[in-house]
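Only the coordinates and a few stated rules stand behind these numbers; no lab work does. What you see is a predicted model, and the numbers here were worked out from it, not measured in a lab. Please note: Cβ atoms are built from the backbone with ideal geometry, for glycine as well, and neighbour counts cover all protein chains shown.
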Amino acid sequence: MGQRYQIKVEDTGECFSCTGEQAVLAAMLRARRGPLDYGCCGGGCGVCRMRIVSGEWTLFRPMSRAHVSESDLKQGIALLCCVQPRSDMVIARV
Ligand code: FES
């Protein structure tokens, strides 16, 4: 199993763990922590859009640019079903 990272939801203080091979959204749903808003789980619908406040992360699949503009991305806004952690992270509702 890969490395595990702690993900904290800034709005509620809830924490859950996520491996480097898992989508942050999938880990959140499995742990039943955080907003638990999801739709397509494939980067298309934009429902899982959140702001990544801190931490290292990577996109492992394309995400719909209709829901995340270039300036959103610069502010750390991303679709969590497309994001894998590379360090502990803090996330927040947009
Ligand atoms: S759940 Fe649809 S874009 Fe993430």
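State to the nearest 20 debye the size of the charge dipole of the stretch 11-93 about its Cα centre, where the only charges are +1 on K and R beta carbons and -1 on D and E beta carbons.
140
From the P(r) of the stretch 11-93, can you give the percent of Cα pairs sitting at distances over 17 Å?
38
What's the FRET efficiency of SER17 with GLN75 using the Cβ-Cβ distance as r and R₀ = 25 Å, to the nearest 0.05?
According to the calculation, E is roughly 0.50.
Do the sum for the chain: with -39,500 (n - 2.57) for every DSSP H run of n ≥ 4, divided by all residues, what is the mean residue ellipticity at 222 nm, to the nearest 500 deg cm²/dmol?
-3500 deg cm²/dmol
Hey, how many Å between the Cα centroid of the stretch 37-94 and the Cα centroid of the stretch 1-34?
After rounding, the separation between the Cα centres reads 13 Å.
How large is ³J(HN,Hα), in whole Hz, for each residue of the stretch 83-94 in order, when computed from phi with the Karplus curve 6.51 cos²θ - 1.76 cosθ + 1.60 and θ = phi - 60°, using x for Gly and Pro?
10, 10, x, 10, 6, 4, 9, 10, 10, 8, 4, 7
Net charge around ARG86, counting only other residues with Cβ within less than 13 Å of its Cβ (Lys, Arg = +1; Asp, Glu = -1)?
Around ARG86, the charge tally is -2.
Remind me, relative contact order of the chain in percent, using alpha carbon pairs under 8 angstrom and six or more residues apart?
With pairs under 8 Å counted, the relative contact order is 37 percent.
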